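The values are calculated or read from the model by the stated rules, or taken from the named source; none is laboratory data. The shown structure was predicted, so the numbers you read here are calculated from the model rather than taken from an experiment. Heads up, the Cβs are rebuilt from the backbone with ideal geometry, glycines too, and the neighbour counts pull from every protein chain shown.
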Amino acid sequence: MDIKEQDSLSMIEWFRASTSYINAHRGKVFVVLLSGEALSDKNLSNVIYDLTLLHSLGVKLVLVHGARPQISAALETSGKDSQYHRNIRITGADCIETVTQIVGGESARLEALFSMGISNSPMQGSDVRLCRGNFVTAKPIGIHDGIDYQYTGKVRKIRSADILRQLEQNNIVLLSNLGYSL
């Protein structure tokens, strides 16, 4: 048996061994965080490929992306300081427009990457739909330890029933780290 035949047999054995895992996770919801660092990584296209593969195997995906390094770089470029307390960014009125633009840009970039499919791969041309929406309502952090967090907030409510409806329609749900307050 030559090396090519051995590789083929190894691949078949691997695939057979993995089918129980595929069946165990089909129809399950995975929430995946793509940090801002992950979005900047040279291997992002591999991650998109893997997520597309999971989706094609019936895993329901909710992707939550960050943008911390991208926001910090944009604020620095515009001459604005990134202030933090307890590793949480304090977003002032002078920064919120930049934050919104950067986060929106990263969401749009992810949407484009999934829409294109990964060229020269088995997933090229796959029908992957991303859905974005206002599924998360935020609330201001307020003042803690004498620090006013201004426009920085945390999650008030997640519209999980609406997210599940999108997942049932075979959409991947894309959420950002930016929420809006009532």
Restricting to region 55-82, give me the number of residues that are of a type in the set (Val, Ile, Thr) and farther than 30 Å from residue 170 by Cα. 2
When only residues in region 40-68 that are outside any helix (DSSP H, G or I) and not aliphatic (A, V, I, L, M) count, which is nearest to the chain's Cα centre (by Cα)? 65
For the structure I just gave you, tell me whether residue 98 is more than 30 Å from residue 167 (Cβ to Cβ) and either in contact with a strand residue (DSSP E or B) (Cβ under 6 Å, 6 or more places away or on another chain) or among the β-branched types (Val, Ile, Thr) (or both). yes
Kindly establish whether residue 73 is under 18 Å from residue 104 (Cβ atoms) and buried (at least 19 other Cβ atoms within 10 Å of the Cβ). no
Is it true that some residue in region 54-71 is on the phi > 0 side of the Ramachandran plot and in contact with a helix residue (DSSP H, G or I) (Cβ under 9 Å, 6 or more places away or on another chain)? yes
Criterion (surrounded by fewer than 18 Cβ atoms within 10 Å (Cβ to Cβ) and farther than 30 Å from residue 53 by Cα) met by exactly one of 153, 104, 142: 142
Mind listing just one residue for me: the one in region 2-34 that is among the aliphatic types (A, V, I, L, M) and in contact with a helix residue (DSSP H, G or I) (Cβ under 8 Å, 6 or more places away or on another chain) and, of those, farthest from residue 65 (Cα to Cα)? 29
Within region 33-49, can you find the residues that are exposed (fewer than 13 other Cβ atoms within 10 Å of the Cβ) and touching a residue at least 24 places away in the same chain (Cβ under 8 Å)? 33, 37
Does residue 81 satisfy the condition of being within 30 Å of residue 144 (Cβ to Cβ), free of Cβ contacts under 8 Å to residues at least 40 places away in the same chain and among the acidic types (Asp, Glu)? yes
Mind listing just one residue for me: the one in region 109-147 that is closer than 30 Å to residue 84 by Cβ and of a type in the set (S, T, N, Q) and, of those, modelled with the lowest pLDDT? 134
Out of 5, 13, 37, sole residue that is assigned to a helix (DSSP H, G or I) and at pLDDT 95 or above: 37
Test residue 172 against the criterion of being of a type in the set (Val, Ile, Thr), surrounded by 11 or more Cβ atoms within 10 Å (Cβ to Cβ) and assigned to a strand (DSSP E or B), and give yes or no. yes
Is one or more of the residues making up region 16-27 surrounded by 12 or more Cβ atoms within 10 Å (Cβ to Cβ), modelled with pLDDT under 95, in a helix (DSSP H, G or I) and not polar (S, T, N, Q)? yes
Since residue 52 meets every condition but one in (1) touching a Ser or Thr at 6+ places or on another chain (Cβ under 7 Å); (2) surrounded by fewer than 19 Cβ atoms within 10 Å (Cβ to Cβ); (3) under 30 Å from residue 168 (Cβ atoms), which condition does it not meet? (2)
For region 126-147, name all the residues that are in a strand (DSSP E or B) and over 19 Å from residue 178 (Cβ atoms). 129, 143, 144, 147
